[in-house]
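K.L.:
The structure is given below, and queries will be raised subsequently.
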Amino acid sequence: MATTFAMVAAVAVAVAGCGEPGPATATSATSDQTQRPVEVTDANGMRPGVVPSTRVEPPSGADRPDGAAPTPDRKLSADELKALIGTPASAGAATDRCSARDVSVALSGSEAAAGHRYAQLIAANTSGRTCTLVGWPGLGLRGAWGTAFATVVERSTIGVDRIGVPPADAATAVTMAPGGRAAAEFEWTGALAGVRDEPVSLIAVQFTVDGDPAVALLDPDERVDIGPETTVRVGPWGQAG
């Protein structure tokens, strides 16, 4: 009889262990047999009830106004280019001075550090005569949407240590033979243009007071982030490295 009671008790214990499962929380056993919840995700790796983000970056030029396209930079007249000049050149006219007919200009060698951008304005003598540049260039900027930026360019004595190149001096003229080059240090900082803002596409560079500017056209794919409220500083003409 004792044996029969023991068998009945064993069956009762076994049946009790086969009841309905508890709350639907997945668990896993660690090496010390402690039960921990397992995070359940769907086929996309998302937790149930979590909505994935739909935020996307705005396209470049998202705030460009509607209306007719502006006159292309390459088709601006000499008078229209001169009207862009916000800070004039410091040098007066002279027979040996370079003019826009003698020189081509480009923005070269952009680098970035701590919210500042650094480059050089490079002037190359493409004429058949020797000419000079002296002092600070005059500058004007135009945006890719046709806006004339009201940028006040600060004249600076930006010091850059380039091996074999003396520091630029506003009082010392740089003489360029045909094929020769000169450089002016160029910096911008502050309110840089974001993807929704109008970036600069043209820099008008003036060599003498009231002189016609030469044009530095900027590659839109490189997206120089100078906007209408960016602080721009330029150094005097010096020798190019």
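Okay, residues lined up against (1) modelled with pLDDT of 95 or more; (2) of a type outside the set (A, V, I, L, M, F, W, C); (3) under 24 Å from the mean Cα position of the chain (by Cα); (4) under 30 Å from Asp210 (Cα atoms):
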| position | (1), (2), (3), (4) |
| --- | --- |
| Asn44 | no, yes, no, no |
| Gly49 | no, yes, no, no |
| Pro52 | no, yes, no, no |
| Ala62 | no, no, yes, no |
| Ser90 | yes, yes, no, yes |
| Arg97 | yes, yes, no, yes |
| Arg101 | yes, yes, no, yes |
| Ser110 | no, yes, yes, yes |
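K.L.:
Based on what the data block shows, is Arg142 closer than 21 Å to Asp197 by Cβ, of a type in the set (Lys, Arg) and open to solvent by less than 50 Å² (accessible area, probe 1.4 Å)?
P.N.:
For Arg142, the condition - closer than 21 Å to Asp197 by Cβ, of a type in the set (Lys, Arg) and open to solvent by less than 50 Å² (accessible area, probe 1.4 Å) - is met.
K.L.:
Now for a different question. Filter the range 130-146 down to the residues that are among the small types (Gly, Ala, Ser) and either under 12 Å from Gly235 (Cβ atoms) or not in a loop (DSSP other than H, G, I, E, B) (or both) and list them by number.
P.N.:
Residues satisfying the conditions are Gly135, Gly138, Gly140, Gly143.
K.L.:
Pairs only if they're at least six apart or on different chains, beta carbon under 8 angstrom, first in the range 122-147 and within 18 Å of Glu80 (Cβ to Cβ) and among the aromatic types (Phe, Trp, Tyr), second in a loop (DSSP other than H, G, I, E, B) and open to solvent by 30 Å² or more (accessible area, probe 1.4 Å); list them, first residue then second.
P.N.:
Hits for this filter: Trp145/Arg64; Trp145/Pro65; Trp145/Pro70.
K.L.:
Now for a different question. Given the options Ser127, Ser104, name the one that is assigned to a strand (DSSP E or B) and surrounded by fewer than 19 Cβ atoms within 10 Å (Cβ to Cβ).
P.N.:
Ser104
K.L.:
Anything in the range 187-217 that is of a type in the set (A, V, I, L, M, F, W, C) and over 30 Å from Thr95 (Cα atoms)? List them, or say none.
P.N.:
Those that are of a type in the set (A, V, I, L, M, F, W, C) and over 30 Å from Thr95 (Cα atoms): Trp188, Ala191, Leu192, Ala193, Val195, Val200.
K.L.:
Take the range 159-190 and flag every residue that is closer than 24 Å to Ser104 by Cβ, among the charged types (D, E, K, R) and open to solvent by 70 Å² or more (accessible area, probe 1.4 Å).
P.N.:
Asp169, Arg181, listed by residue number.
K.L.:
Next question. Take the range 198-230 and flag every residue that is hydroxyl-bearing (Ser, Thr, Tyr) and more than 12 Å from Phe149 (Cβ to Cβ).
P.N.:
Thr208
K.L.:
Provide a single number: the residues in the range 204-239 that are farther than 24 Å from Lys75 by Cβ and either basic (Lys, Arg) or open to solvent by 30 Å² or more (accessible area, probe 1.4 Å) (or both).
P.N.:
Result for the range 204-239: 5.
The values are calculated or read from the model by the stated rules, or taken from the named source; none is laboratory data. Only a predicted model underlies this, so the values are computations on that prediction, with no experimental measurement involved. Note that each Cβ is placed from the backbone with ideal geometry, even for glycine, and that neighbours are counted across all protein chains shown. Heads up: the accessible areas ignore ligands, DNA and RNA and are worked out on the full protein's heavy atoms, side chains in. Shrake-Rupley method; radii C 1.70, N 1.55, O 1.52, S 1.80 Å.
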